[in-house]
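Peer 1: Okay, handing you the structure first.
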Amino acid sequence: MRLPKGSETDLEEAEMRRRTTEPDHGDARAAAVRTYGPGTLIFADLDIGERFHFASSPCASVCVKIRRRRYSLAGRVCYAQPGQAVVRLTVSETDSAISA
């Protein structure tokens with residue numbers, strides 16, 4: 001016997017579909033490495049609090065990932081696409097970029 005539309009089962013199925021539709025970023029990762037080199041990853045791979053710069057502009061300011069699709073740049077909150085190519089900064093690179 002089918003349950004009427006809008007029942008608990010339909011809602012559970014919709015919730016399950018919503019949770020499992022995370023995009024696969026494999027193509028974006030491959031394109032980033034192919035375009036910018038082996039030290040490149042994508043924004044979605046960064047952990048919150050990590051410092052980075054965008055791979056397309058290596059002399060750019062140091063950014064900090066603050067949420068899932070947000071980063072901080074000079075005190076402003078900016079939005080990023082999860083597939084954007086970035087380069088993770090090490091502590092020494094961060095210190096030299098801040099002092100410059």
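The values are calculated or read from the model by the stated rules, or taken from the named source; none is laboratory data. Treat the numbers as computed from the prediction; the structure is a model and nothing was measured. We place every Cβ from the backbone using ideal geometry, glycine too, and count neighbours over all the protein chains shown.
Peer 1: Hey, can you tell me all the residues within segment 30-54 that are among the β-branched types (Val, Ile, Thr) and free of Cβ contacts under 8 Å to residues at least 12 places away in the same chain? It would help to see each step written out before you state the result.
Peer 2: Pass one, segment 30-54, residues among the β-branched types (Val, Ile, Thr): 33, 35, 40, 42, 48.
The answer is Val33, and nothing else.
Peer 1: Now for a separate question. Kindly provide the set of residues from segment 58-70 that are out of contact with any helix residue (DSSP H, G or I) (no Cβ under 8 Å at 6 or more places or on another chain) and not charged (D, E, K, R), ordered by number.
Peer 2: Correct list: Pro58, Cys59, Ala60, Cys63, Val64, Ile66.
So that you can scan it fast, the table gives a plain yes or no per residue for (1) within 10 Å of Gly83 (Cα to Cα); (2) among the polar types (S, T, N, Q); (3) surrounded by fewer than 11 Cβ atoms within 10 Å (Cβ to Cβ); (4) at pLDDT 95 or above:
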residue	(1), (2), (3), (4)
Glu22	no, no, yes, no
His25	yes, no, no, no
Arg29	yes, no, no, no
Tyr36	no, no, no, no
Cys59	no, no, yes, no
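Peer 1: Return the residues of segment 38-48 that are closer than 17 Å to Tyr71 by Cα and surrounded by fewer than 11 Cβ atoms within 10 Å (Cβ to Cβ); say none if nothing qualifies.
Peer 2: Asp47
Peer 1: Same structure, new question: Can you name the residue in segment 61-92 that is of a type in the set (Ser, Thr, Tyr) and outside any strand (DSSP E or B) and, of all such residues, is modelled with the highest pLDDT?
Peer 2: Applying the first criterion (of a type in the set (Ser, Thr, Tyr)) to segment 61-92 yields 61, 71-72, 79, 90, 92.
So of that shortlist, the ones also outside any strand (DSSP E or B) come out as 61, 90, 92.
Details: Ser61: 84, Thr90: 81, Ser92: 70.
In this case the residue turns out to be Ser61.
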